[in-house]
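> Could you have a look at this structure, given as structure tokens, before my questions?
The values are calculated or read from the model by the stated rules, or taken from the named source; none is laboratory data. Here the structure is a predicted model, which means the values were calculated and not measured. We place every Cβ from the backbone using ideal geometry, glycine too, and count neighbours over all the protein chains shown. Side chains included, ligands, DNA and RNA excluded: accessible areas come from the protein's heavy atoms. Shrake-Rupley method; radii C 1.70, N 1.55, O 1.52, S 1.80 Å.
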Amino acid sequence: MFYVIGLGLGDPKDITVKGLEIVKRCERVYLESYTSILTCGQEKLEEFYGRPLILADRELVETGTDDILENAHLVEVAFLVVGDPFGATTHTDLLLRAKEKNIPFQVIHNASIMNAVGCCGLQLYHFGETVSIPYWNDVFQPDSFFDKIIANLEHGLHTLCLLDIRVKEPTLESLMRKKREYEPPRFMSCREAADQLVQLIHKRKQNGESGHHHLFNDRNVVIGLARVGHDTQQIKACTLKEMKQADLGDPLHSMIIPADMHPVETEFLQQFCDENLEELQKKTREEPAIIFKLDSTSNSNN
């Protein structure tokens, strides 16, 4: 049997009882290490599980599937994922490969950022499409996520923004030399994400984009979340402009762009905001509107 087991939000004890029982009896246990990270570290997991783990980096997961699935029809093999197994399409692909090889598999679910964001008080069924905000560089600045945010706001839906993680990314120079060298790990902060969003707002304003669609400007209330589910969890509600200066500490960070909030949502969120949240929302609506018309031809991929 091949098992894909969710670890929850990253603490060693977040694993389910069912998942832990499977881990203890498997012949091989892989720990996926690039779609998310463990704040506790591999060593603490190994200590809690009482067994060694095989680190599965991006290279192994994308090119070494056969090695991961080897003999899984004869012995028990586990693949551990931070959060829930279906939080990334990579893991769906792994299960499809197992099915092709006629290897039986089982998925053990767990909590993920997709549902844990309810900790800020926003109601999960008021969320629209989740977006990913990638790191920009001098030559590549994708912005299709921005149109998805606007579309969610148009429909009165909140947007969860997953912020970029760069782990074991090959440098451009090493790819050209065909000798692998890797960039230092990077984890996007709410401050960096807010800065990119503000740049996009002003860029689109300069391009003269206008229309009858929902406004979005740097005075919109946003919510920054850091290390959700851990003892050092932080939540901060402020304007997008203020988030550019916010320091929420160590990764992992996520950000929410709320649409109009229900009074109960506003009341709960107020504890994470230094100013009067209702007044902030009024100021947003009073600001000169920066309006964006959705481009129906825009690329829907991030």
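> Looking at (1) open to solvent by less than 30 Å² (accessible area, probe 1.4 Å); (2) under 30 Å from residue 183 (Cβ atoms), can you tell me which one residue 15 breaks?
The one condition residue 15 does not meet is (2).
> So, one more: How many residues are among the acidic types (Asp, Glu) and open to solvent by 70 Å² or more (accessible area, probe 1.4 Å) when one looks only at region 27-76?
8
> May I ask you to list pairs of residues, at least six apart or on different chains, whose Cβ atoms are under 8 Å apart, with the first in region 116-134 being at positive phi and the second being loosely packed, with under 14 Cβ neighbours inside 10 Å and part of a helix (DSSP H, G or I)?
121/264; 121/267
> Right, something else. Tell me the residue from 96, 124 that is of a type in the set (A, V, I, L, M, F, W, C) and more than 18 Å from the chain's Cα centre (by Cα), please.
96 is the lone residue from the list that is of a type in the set (A, V, I, L, M, F, W, C) and more than 18 Å from the chain's Cα centre (by Cα).
> Another question, if that's okay. Taking the criterion of being outside any loop (DSSP other than H, G, I, E, B), within 23 Å of residue 185 (Cα to Cα) and in contact (Cβ under 8 Å) with a residue 12 or more places away in the chain, would at least one residue in region 62-76 satisfy it?
yes
> For residue 295, are the conditions met, namely being under 26 Å from the mean Cα position of the chain (by Cα), open to solvent by 20 Å² or more (accessible area, probe 1.4 Å) and either at pLDDT 70 or above or hydrophobic (A, V, I, L, M, F, W, C) (or both)?
When the stated conditions are applied, residue 295 does not pass them.
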